[in-house]
Amino acid sequence: MNTLLVTGGAGFIGSNFIRFVLRERPGWRIINLDKLTYAGNLENLQDVEDHPGYSFVRGDICDRALVHALLSGEHPATVTHRPNIVVNFAAESHVDRSILDASPFVETNVLGTQVLLEAARTLWLGSGSQDPQPKLFVQVSTDEVYGSIEAGSFTEDSPLQPNSPYAASKAAADLLCRAYHRTYGLPVVVTRSSNNYGPYQFPEKLIPLMVQNALEGKPLPVYGKGENVRDWLYVEDNCRAILMVIESGRPGEVYNIGGGCERRNIEVVELLCEILRAHPRTRHLTPQIQFVQDRPGHDFRYSLDSTKIQRELGWTPATPLEAGLERTVEWYLDHQDWVRRVLTSEYRDYYARVYERGWR
Ligand code: NAD
Ligand code: TYD
């Protein structure tokens, strides 16, 4: 039985992952370490908060003493079961915010990852560590570390050429993972997925932002001409891939996880409008697309070659974009209370800065 230290588990992908693992792997234990930034929300895990295999610790992955205590079993949350697997989701995750202020991205994404790696190295590889359970450190990364590609797709061997402060911080963390594997032999795996979407995504990201604006009768702000291409991955498909990597991935390796659903942004927004117009609860809406000032340094296209994870672990994405978007729209329609609670005044200030004042 595995005990997982999941970081950033109160965010979008982390909360979906925790729910998925508790359902798919009864008997496994999960300790969720999350700082609860603007993007972290315990409501995302309300349905599992009393699950016997789950516990929550509020804290920062940059806090060396806390991370060490959690991994060593000196912390009350891990005293009976020491984690043998770390899955690091914790991050500042929004490109647009990284353009406004890169500092928290460097702190959490780079320094925080190093703190986790160092604790794992000390406790798993240090003298006197005789725990026979196999160990694994899973770094949850992104296709954005490769930069933009006009044609073809990135493989795991493509060079890292990040363009946004967010992508640069994630690339730095990936390289630290590589270094800890090469230098110390720490068992580390890196997953690089394409753009996720689905339930519980904070409404600053493209898909939930468009759905919410349409519901509120606000314009749908598409950057530039909407020609940029992203490869969309339904969040549960990513959760399944990460679980497969935990169980069968090879330490020291990187695995691309692409959704196989490349679309121009304008196509995605139009598809959402179609879904809303066809839905009995929203057919009265008349969503208006508005082309707005482009994001600085906006990567034109992301595209992943996922042959490796398909060949080695037998993973393929299962959710077509249309079906995934329909499910997502339905979820946001059913969870307007959740949306209202996460859209705080902090979010409204952020929104005004990007969409009304234009990146200042
Ligand atoms: P998110 O912003 O929804 O959640 C991030 C979580 O991390 C939040 O719960 C937040 O409170 C927590 N957190 C932030 N700083 C922390 C710190 N210092 N210590 C502890 N917890 C902290 O992000 P997400 O979209 O769920 O992304 C999760 C991971 O997946 C990130 O590492 C991101 O880079 C990666 N990723 C995301 C996507 C995507 O499309 N969303 C795609 C590829 C990779
Ligand atoms: P986003 O969801 O922020 O993810 P990422 O920047 O990590 O790919 O954005 C997805 C795409 O949608 C990206 O090309 C930027 C674009 N976009 C808009 O056109 N308008 C918006 O309001 C947002 C948030 C994103």
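Quote the FRET efficiency, to the nearest 0.05, computed for Arg182 versus Arg23 with a Förster distance R0 of 41 Å and r equal to the Cβ-Cβ distance. Before the final figure, lay out each step's value.
On the way: r = 36 Å, r/R0 = 0.87.
Once the sixth-power term is evaluated, E becomes 0.70.
Can you tell me the relative contact order of the stretch 256-360? Whole percent, Cα pairs under 8 Å, sequence separation 6 or more.
Relative contact order comes out at 35 percent.
Shape call for the stretch 1-85 from the C-alpha gyration tensor, a ≥ b ≥ c root eigenvalues: rounded (a/c under 1.5), prolate (a/b greater than b/c) or oblate? Don't skip to the end; give the middle numbers.
Working: a/c = 1.93, a/b = 1.08, b/c = 1.78.
Oblate.
I'd like the antiparallel share, as a percent to the nearest 5, of DSSP beta bridges with both residues in the chain. Kindly include the intermediate steps, with their values, before the conclusion.
Working: 3 of 40 bridges.
Antiparallel bridges: around 10 percent, rounded to the nearest 5.
By how many degrees, between 0 and 90 and to the nearest 10, does the Cα long axis of helix 165-184 differ from the longest principal axis of the chain?
20 degrees
So how strong a dipole does the stretch 22-110 carry about its Cα centre when Lys and Arg Cβ are +1 and Asp and Glu Cβ are -1, to the nearest 20 debye? All intermediate terms of the calculation are to be shown ahead of the outcome.
Working: 8 positive and 13 negative charges, 77 e Å.
In debye, rounded to 20, the stretch 22-110 gives about 360.
Taking only protein heavy atoms into account and a 1.4 Å probe, give the accessible area per residue of the chain in Å². Don't jump to the answer; show the numbers that get you there.
Numbers: 14930 Å² over 360 residues.
Result: 41 Å² per residue.
Which residue fluctuates most in the GNM of the chain (Cα springs below 10 Å): Pro203, Pro132, Pro251?
Pro132
Place a label point 7 angstrom from the Cα of Tyr347 along the Cα-to-Cβ direction, then list the residues of the stretch 182-208 whose backbone nitrogen is under 17 Å away.
Residues passing the 17 Å test: 197-208.
How far is it, in nm, from the label point at Arg340 to the one at Gln310 when both lie 7 Å from their Cα along the line to the Cβ?
About 4.5 nm, to one decimal.
Over all directions, the average projected area of the alpha-carbon convex hull for the stretch 81-169 comes to how many nm²?
On the way: hull surface 30.1 nm².
Hull-based average projected area comes out at 7.5 nm².
Give me P(r) over the chain, computed from all C-alpha to C-alpha distances, binned every 10 Å, as integer percentages.
Spelled out per bin, shortest first, that is 5, 25, 35, 24, 9, 2, 0.
log10 I(q)/I(0), Debye, Cα-only the stretch 7-138, no solvent, q = 0.13 Å⁻¹?
-0.54
For the chain, modelled as a GNM with alpha-carbon contacts under 10 angstrom, which of Arg277, Arg178, Arg121 fluctuates the most?
Arg277
Considering the options Val57, Phe105, Met1, tell which one lies farthest towards the positive end of the dipole of the chain, charges being +1 on Lys and Arg and -1 on Asp and Glu at the Cβ, about the Cα centre.
Val57
Rounded if a/c is under 1.5, else prolate if a/b is larger than b/c, else oblate: which is the stretch 229-305, with a ≥ b ≥ c the root eigenvalues of its Cα gyration tensor?
oblate
For the stretch 222-261, state what percent of all Cα-Cα pairs lands in each successive 5 Å bin, counting from 0 Å until the bin that includes the largest distance.
Per 5 Å bin, starting at 0, the Cα pair percentages come out as 6, 19, 21, 17, 14, 9, 7, 6, 1.
For the stretch 108-258, what does the alpha-carbon gyration tensor say about shape, rounded, prolate or oblate, given a ≥ b ≥ c as the root eigenvalues, a/c under 1.5 as rounded, and a/b over b/c as prolate?
Numbers: a/c = 2.30, a/b = 1.95, b/c = 1.18.
Prolate is the answer for the stretch 108-258, as a/c is 1.5 or above and a/b outweighs b/c.
Just Ala168, Ala102, Ala323 to compare: in a GNM of the chain, with alpha carbon springs under 10 Å, which one fluctuates most?
Residue with maximal mean-square fluctuation among Ala168, Ala102, Ala323: Ala323.
With both partners inside the stretch 217-358, how many of the DSSP beta bridges are antiparallel, as a percent to the nearest 5? Walk me through the numbers on the way to the answer.
Values: 3 of 8 bridges.
Here the share of antiparallel DSSP bridges comes out near 40 percent.
With Cβ to Cβ distances under 12 Å as the rule, what net charge do the other residues near Gln212 carry (K, R +1; D, E -1)?
Values: positive: Lys205, Lys218, Arg340; negative: Glu204, Glu216.
In short, +1.
May I ask you to work out the translational diffusion coefficient for the stretch 164-231 at 25 °C, viscosity 0.890 mPa s, via Stokes-Einstein with Rh from the Kirkwood sum over Cα pairs, reported in whole µm²/s? Could you put the intermediate results ahead of the total?
Details: Rh = 15.1 Å.
Answer, rounded: 162 µm²/s.
The values are calculated or read from the model by the stated rules, or taken from the named source; none is laboratory data. Treat the numbers as computed from the prediction; the structure is a model and nothing was measured. Counting neighbours? That spans all protein chains shown, and the Cβs are built from the backbone with ideal geometry, glycine included. For accessibility, only protein heavy atoms count, side chains too; no ligands or nucleic acids. Shrake-Rupley method; radii C 1.70, N 1.55, O 1.52, S 1.80 Å.
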